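K.L.:
Take a look at the following structure, please.
Just so it is clear, none of the values below were taken in a lab; they were calculated from the coordinates. Please read all numbers here as calculations on a predicted model, not as lab measurements. Cβ: placed from backbone, ideal geometry, glycine included. Neighbour counts: every protein chain shown.
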Ligand code: OOG
Ligand code: MG
């Protein structure tokens, strides 16, 4: 994958995304102005943004997979998975309150998260992912597309770090061998009402396959997944719109629950 955008075009696109995020004002998807932008360009913008954040003192803690379930692909109209990066300052404690005034148009989704204990690189199997995993835990992801109305295509959403804003991990972390990780039921609740239902197999038949996918994409980008990475495997159900005052809780069979509040 080699990008077609030059360094100054990439910098322009990062500036647009960052100012949308800073001002809470959405922008049109990037391909409206750069129609020839490719998936490789999307990842080049994402990588440059990651480097900018690290240069500014940020610390990367992991990686996310997105658009790994049919529910999510259908909802977003994008029919291929993608990956993004997770920084330490995107983490929020379980039970905490998230300030919506800093966000453009937040949505919430429930995912299985992995903590890896060994490095993974190249083309890896589900079994290799499971062997490299220390434990899994339930997580919520707060999405906040910088594109108006969450309207985007694959190159644009990849450039926008796959809409990532915050993540919340918690519940009951479990060892892989104690679970059938593909057979766990999940209920997503908003203000005490069930708004999403699913099972972990909705994610590529098995959430560990989403981790394998992350490692494969990293490999194509000349990168790998270091030991000690936190990996989100992708939304199981559709993402749900949230606003100030909402309480959200995801209950996972065998993994406990994880909740947050929006203020
Ligand atoms: C893109 C991000 C997708 C997931 O888990 O599917 C994602 C979006 O839906 O805005 O994080
Ligand atoms: Mg997600």
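K.L.:
Applying a 10 Å radius around every beta-carbon, put 144-150, 228-234, 19-25, 244-250 in order of their mean neighbour count, most first. Before the final figure, lay out the partial values.
P.N.:
Numbers: 144-150: 20.4, 228-234: 24.9, 19-25: 13.6, 244-250: 17.7.
The most tightly packed comes first, giving 228-234, 144-150, 244-250, 19-25.
K.L.:
Based on Cα positions only, what radius of gyration and what Dmax would you give for the chain, in angstroms?
P.N.:
Rg and Dmax of the chain, Cα atoms, are 17.2, 50 Å.
K.L.:
Across the range 53-209, what fraction of all alpha-carbon pairs, as a whole percent, falls in each successive 5 Å bin from zero upward?
P.N.:
Computed distribution, short to long bins: 2, 8, 16, 22, 22, 18, 9, 4, 0.
K.L.:
Follow-up. Take the chain, connect every pair of alpha-carbon atoms lying under 10 Å apart with a spring to form a Gaussian network, then pick out the residue of 197, 152, 85 with the largest mean-square fluctuation.
P.N.:
Fluctuation is largest for 197.
K.L.:
Rg to Rh ratio, the range 4-73, alpha-carbon atoms and Kirkwood radius? Display every interim value, and only then the final one.
P.N.:
Numbers: Rg = 13.5 Å, Rh = 13.7 Å.
So for the range 4-73, dividing Rg by the Kirkwood Rh gives 0.99.
K.L.:
Something else about it: By its C-alpha gyration tensor, with a ≥ b ≥ c as the square roots of the eigenvalues, how is the range 18-115 shaped: rounded for a/c under 1.5, else prolate for a/b larger than b/c, else oblate?
P.N.:
Values: a/c = 1.31, a/b = 1.14, b/c = 1.15.
In terms of gyration-tensor shape, rounded.
K.L.:
Hey, fewest Cβ within 10 Å first, where do 193, 206 land in order? The partial results should precede the final answer.
P.N.:
Details: 193 7, 206 20.
Ranking 193, 206 by Cβ neighbours within 10 Å, fewest first, gives 193, 206.
K.L.:
When the helices in the chain are scored as -39500 (n - 2.57) per DSSP H run of 4 or longer and the sum is shared across all residues, what 222 nm value do you end up with, to the nearest 500 deg cm²/dmol?
P.N.:
On the way: 6 runs with 68 residues, N = 263.
About -8000 deg cm²/dmol.
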